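Notes to accompany the following structure.
The values are calculated or read from the model by the stated rules, or taken from the named source; none is laboratory data. Here the structure is a predicted model, which is why all the values come from computation and not from measurement. Don't worry about glycine lacking a Cβ; one is built from the backbone with ideal geometry, like all the others, and counts go over all protein chains shown.
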Amino acid sequence: MNDVAVIGAGAWGTALAIVVGRNGNQRVRLWAYEPEVCSAINTQHTNHAFLDGVDIPDSVRASNDFAEVLRGTETVISVMPSHHCRRLFQQIAPHLSPETLVISATKGIENDSCLRMSEVIDSVVHQQRGFHPRIAVISGPSFAREVARGDPTAITAASADAELARRAQEVFSDPAFRVYTHDDMAGVELGGALKNVIAIAAGICDGLGLGYNSVAALITRGLAEMTRLAMACGGRRETMAGLAGLGDLVLTCTGSLSRNRTVGVELGRGRKLPDIIAGMHGMVAEGVLTTTAAIGLAKSRNATMPVTEQVYSILQHGKPPKEAMRELLSRPFTSEFAS
């Protein structure tokens, strides 16, 4: 049997551990920060804290000891929040070998450096160990709870090395979890990260009581600026029309399970961001941090991001959502497909 390590036992990490664990040829070691989460998974086969009510296969065992989780594993799936990625990989790197496949499933951008998660992982491992790790990334429309219960789901696995993308595809092989391969890592990662920002904006529309017209326009123009930035960073336009772009964007902007959309709804209703975050009980809305990183990345690449800029002003400067909406609609007239 193959041993697979999953780093991060939040809802998404737990769901991916369940998918991999359903494959009878793979054993899963799940790293969790919280000892109580490890205990619940190992004794009750559930994760009460982050994915309550979902059964976890016996093939999944949890630990908060990196050495135990990573010993002898051929594949490491990275599912921690983006702001913990660098710190945790500094601890993970000593346990990796040049042959290890690292699959990044985190949908975010590092705030200070504006690096994608695969770039953070590569930088840390190369600096500490002297080799460049073998990396693939996955992204696509995939609410954790629906994945965990076996609802049909399709995502994309991307790597600059086609063989690594195929290996990632095989790791997640499951009748209910279909994985397509791709070679556009930048596009896949940025699609997964930037859609969270647009989802906050879509939630704000709902919180303001606006209708379907407004949300449809917001999603479409959000996709346009996501595409601009992805292409400026080396991604491809067609990637943003696929699962990791449009697919994930539509899901996150319209689905009630979206934490980022929920943050936006509450902002639109007039609640303050600190109060919203405090009420999430440890759950992470990646778009809150990604918005700042996206603004920095867009400035460095001269990419125009009007929706993202307004979300940033609301999150970081307390700008009233109605004022942000007015400014978006009063921008100078232009062609729909102008850059």
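Observations
Residue-by-condition table, conditions (1) surrounded by fewer than 24 Cβ atoms within 10 Å (Cβ to Cβ); (2) over 30 Å from L328 (Cβ atoms); (3) at pLDDT 95 or above; (4) not assigned by TED's automatic domain parsing to the domain that holds R237:
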site: I121; (1), (2), (3), (4): no, yes, yes, yes
site: A136; (1), (2), (3), (4): no, yes, yes, yes
site: A144; (1), (2), (3), (4): yes, yes, yes, yes
site: S159; (1), (2), (3), (4): no, yes, yes, yes
site: S173; (1), (2), (3), (4): yes, yes, no, yes
site: A176; (1), (2), (3), (4): yes, yes, yes, yes
site: L194; (1), (2), (3), (4): no, no, yes, no
site: A199; (1), (2), (3), (4): no, no, yes, no
site: A202; (1), (2), (3), (4): no, no, yes, no
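- Residue satisfying all of: in region 318-339; in a helix (DSSP H, G or I) and not small (G, A, S); surrounded by the most Cβ atoms within 10 Å (Cβ to Cβ) among these: P321
- When restricted to residues that are surrounded by fewer than 21 Cβ atoms within 10 Å (Cβ to Cβ), hydroxyl-bearing (S, T, Y) and within 22 Å of F172 (Cβ to Cβ), region 97-119 contains 2.
- A single member of D174, D151 is free of Cβ contacts under 8 Å to residues at least 40 places away in the same chain, within 30 Å of G24 (Cβ to Cβ) and charged (D, E, K, R), and it is D151.
- Some residue of region 259-279 being in contact with a helix residue (DSSP H, G or I) (Cβ under 8 Å, 6 or more places away or on another chain), part of a loop (DSSP other than H, G, I, E, B) and aliphatic (A, V, I, L, M): no
- Restricted to region 1-118, the set of strands (runs of 3 or more DSSP E) holding at least 2 residues that are touching a Pro at 6+ places or on another chain (Cβ under 9 Å) comprises 101-104.
- Restricting region 233-253 to residues that are among the small types (G, A, S) and surrounded by fewer than 18 Cβ atoms within 10 Å (Cβ to Cβ), the residue that is farthest from the chain's Cα centre (by Cα): G234
- All positions within region 18-53 that are touching a residue at least 60 places away in the same chain (Cβ under 8 Å) and either over 14 Å from R149 (Cβ atoms) or of a type in the set (G, A, S) (or both): V20, N23, Q26, A49, F50
- Scanning region 151-209 for residues that are within 23 Å of S258 (Cα to Cα) and acidic (D, E) yields D151, E189, D206.
Residues are listed down the side, and each one gets a yes or a no for (1) β-branched (V, I, T); (2) in the same structural domain as R261 (by TED's automatic domain parsing); (3) at pLDDT below 95:
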residue: M305; (1), (2), (3): no, yes, no
residue: E309; (1), (2), (3): no, yes, no
residue: Y312; (1), (2), (3): no, yes, no
residue: E323; (1), (2), (3): no, yes, no
residue: T334; (1), (2), (3): yes, no, yes
residue: F337; (1), (2), (3): no, no, yes
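- Residues in region 283-339 that are over 21 Å from N111 (Cβ atoms) and of a type in the set (D, E, K, R): K322, E323, R326, E327, R331, E336.
To keep it simple, each residue is scored yes or no on (1) in the same structural domain as A154 (by TED's automatic domain parsing); (2) at pLDDT 95 or above; (3) among the basic types (K, R).
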residue	(1), (2), (3)
M231	no, yes, no
E238	no, yes, no
G242	no, yes, no
G247	no, yes, no
V250	no, yes, no
R261	no, yes, yes
G264	no, yes, no
G268	no, yes, no
I277	no, no, no
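- Tabulated pairs, region 315-329, first more than 15 Å from G264 (Cβ to Cβ), second modelled with pLDDT of 95 or more and not basic (K, R), C-beta under 7 angstrom, 6+ apart or interchain: E327/Q310
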